[in-house]
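The values are calculated or read from the model by the stated rules, or taken from the named source; none is laboratory data. It should be emphasised that the depicted structure is a prediction, and the values quoted were computed from it without experimental measurement. All Cβ positions, even for glycine, are placed from backbone atoms using ideal geometry, and neighbour counts span all protein chains on display.
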Amino acid sequence: MNSGYTSPMPAVVSIEIPFPKLRSGKVREVYDLGDSLLMVATDRISAFDVVLPNGIPDKGRILNQLSAFWFESLAAVVPNHCIATNDDEIRERLGTAYDHESLSGRSMLVHKCQPFPIECVARAYLAGSLYKEYIAAGGGERDVTLHGIPLPAGIQRCGRLPEPIFTPATKANEGHDENIDEQRAAQIVGDDCLQELKKYTLDLFARASRICETVGILLADTKLEFGSQDGRILLIDEAFTPDSSRYWPADKYRPGAEQESLDKQFVRNYLETLDWDKTAPGPVLPDSVVQETRSRYIEIFRRITGREPRLQAA
């Protein structure tokens, strides 16, 4: 796959500005501006909960701009934390601390809120960690129940589920996130809150899936995060990016095998071929994998939004 783009600039894996850093995630740096937060998407990439040594040039800009598209497109389903992504507005807010080269196109001004300590996952196809659990439980031969969800026997790898399902997960500070059932999730956030989060997750997934289907893309699954601000629930962090979602070209979909993907699965598949125990430090990605990953991220942005991503500081 060739995106038609070249990237003369190296990946941006570290960003520092003179504001208090609230946290440093696998990809994003979050700064406290007092009345709001600044989220900056770097070009770092993680797999199996390990941040890899080298990043993917322009990845942060693609994630930031694609999240902005989805926040705007899905705002009627649930409000989100985005205040502004316009560089001029962010420059005005930061003043002399604004660094054009490092922040342009990859920054988002957001509301402060209290994140819920679970991840909300929607799945329309049996892939990833849930497929592994399904096979381990004997799903190839008999009906099984995983995390309180009954699943029929014989679903193929990457096969379509009878209907989209909600599978919450814990947020692990160290190690891997853990798939949990709704009962456990309700113990963490409360039953009423969980039911709201479930409804929002499945409604957002359904709306995004319909948008993707119109451009020949299957949205296999996604991970969403929510927070609370003054008693209302907001969609936060990122939305339907190739870091947090599985995107498959519909015309190439073949159940029973790993799918051609326009997301981070391409990196995971490469890493699975290595003799690596999936603990830090991770291996350096070869340039061919870096460039192909970048091309796939550009392609999914282009197909979903119908426009080109802004990849250079303009």
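If you go through the range 73-98 and pick out every residue that is farther than 12 Å from Ala239 by Cα and either loosely packed, with under 15 Cβ neighbours inside 10 Å or small (Gly, Ala, Ser) (or both), you end up with 9.
Return a yes/no flag: does the range 68-75 have any residue that is polar (S, T, N, Q), touching a strand residue (DSSP E or B) at 6+ places or on another chain (Cβ under 7 Å) and at pLDDT 95 or above.
no
Sort through Leu38, Leu63, Leu74 and tell me the only one that's over 30 Å from Arg210 (Cβ atoms) and not basic (Lys, Arg). Step through it out loud before you land on a result.
Working: Leu63 fails: over 30 Å from Arg210 (Cβ atoms); Leu74 fails: over 30 Å from Arg210 (Cβ atoms).
Answer to the check: Leu38.
Of everything listed in (1) in contact with a Gly (Cβ under 7 Å, 6 or more places away or on another chain); (2) among the β-branched types (Val, Ile, Thr); (3) at pLDDT below 95, the single unmet condition for Thr6 is (1). Scanning the range 182-196 for residues that are exposed (fewer than 13 other Cβ atoms within 10 Å of the Cβ), within 23 Å of Pro150 (Cβ to Cβ) and not polar (S, T, N, Q) yields a single hit, Asp191.
Residues that are without any contact (Cβ under 8 Å) to a residue 60 or more places away in the chain, within 16 Å of the chain's Cα centre (by Cα) and part of a helix (DSSP H, G or I): does the range 266-277 have at least one? Let's see the steps before the verdict.
Narrowing the range 266-277 to residues without any contact (Cβ under 8 Å) to a residue 60 or more places away in the chain: 266, 269-270, 272-277.
Add one more test, that the residue is within 16 Å of the chain's Cα centre (by Cα), and what stays is 266.
Next cut, part of a helix (DSSP H, G or I) only: 266.
Checking the range 266-277: at least one residue is without any contact (Cβ under 8 Å) to a residue 60 or more places away in the chain, within 16 Å of the chain's Cα centre (by Cα) and part of a helix (DSSP H, G or I).
Kindly indicate which of Glu238, Glu258 is of a type outside the set (A, V, I, L, M, F, W, C), at negative phi and either out of contact with any helix residue (DSSP H, G or I) (no Cβ under 6 Å at 6 or more places or on another chain) or assigned to a helix (DSSP H, G or I) (or both).
Values: Glu238 fails: either out of contact with any helix residue (DSSP H, G or I) (no Cβ under 6 Å at 6 or more places or on another chain) or assigned to a helix (DSSP H, G or I) (or both).
When all the criteria are applied, what remains is Glu258.
Only one entry of Leu218, Leu197, Leu274, Leu262 meets the criterion of being under 27 Å from Gln114 (Cα atoms) and among the hydrophobic types (A, V, I, L, M, F, W, C), and that entry is Leu197.
With the requirement that a residue be part of a strand (DSSP E or B), among the aliphatic types (A, V, I, L, M) and surrounded by fewer than 23 Cβ atoms within 10 Å (Cβ to Cβ), what does the range 41-72 give you? Listed by number, the residues that qualify are Ala47, Val50, Val51. Cβ separations smaller than 7 Å between residues 6+ apart or across chains give the following pairs from the range 209-224 residues that are closer than 17 Å to Glu238 by Cβ to residues that are acidic (Asp, Glu) and crowded, with 21+ Cβ neighbours inside 10 Å: Lys223/Glu119. Of the residues making up the range 112-144, just one is over 24 Å from Ser244 (Cβ atoms), touching a strand residue (DSSP E or B) at 6+ places or on another chain (Cβ under 7 Å), surrounded by fewer than 14 Cβ atoms within 10 Å (Cβ to Cβ) and of a type outside the set (Gly, Ala, Ser), namely Asp143.
For every residue, the table says whether it meets (1) surrounded by fewer than 18 Cβ atoms within 10 Å (Cβ to Cβ); (2) touching a Pro at 6+ places or on another chain (Cβ under 6 Å).
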| position | (1), (2) |
| --- | --- |
| Asp237 | no, no |
| Ala250 | yes, no |
| Glu258 | yes, no |
| Tyr270 | yes, no |
| Pro286 | yes, no |
| Phe301 | no, yes |
| Gly306 | yes, no |
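Quick one: in the range 112-131, which of the residues that are modelled with pLDDT of 95 or more and not in a strand (DSSP E or B) is farthest from Glu163 (Cα to Cα)? Walk me through how you get there before you give the answer.
Taking the range 112-131 and keeping what is modelled with pLDDT of 95 or more, we get 112-127, 131.
Checking which are not in a strand (DSSP E or B) leaves us with 112-113, 116-117, 126-127, 131.
Details: Lys112: 34, Cys113: 32, Phe116: 26, Pro117: 26, Leu126: 11, Ala127: 14, Tyr131: 15 Å.
Looking at residues that are modelled with pLDDT of 95 or more and not in a strand (DSSP E or B), I get Lys112.
Would the range 87-99 turn up any residue that is more than 18 Å from the chain's Cα centre (by Cα), free of Cβ contacts under 8 Å to residues at least 12 places away in the same chain and closer than 22 Å to Cys212 by Cα? No. Restricting the first member to the range 66-81 and to residues that are more than 15 Å from Ala206 (Cβ to Cβ), and the second to residues that are acidic (Asp, Glu) and surrounded by 21 or more Cβ atoms within 10 Å (Cβ to Cβ), the beta-carbon pairs closer than 6 Å and six or more apart or on different chains are Ser67/Glu238. Residues that are over 21 Å from the mean Cα position of the chain (by Cα) and not acidic (Asp, Glu) within the range 162-213 comprise Pro162, Gln183, Arg184, Ala186, Gln187, Ile188, Val189, Gly190, Cys193, Gln195, listed in sequence order.
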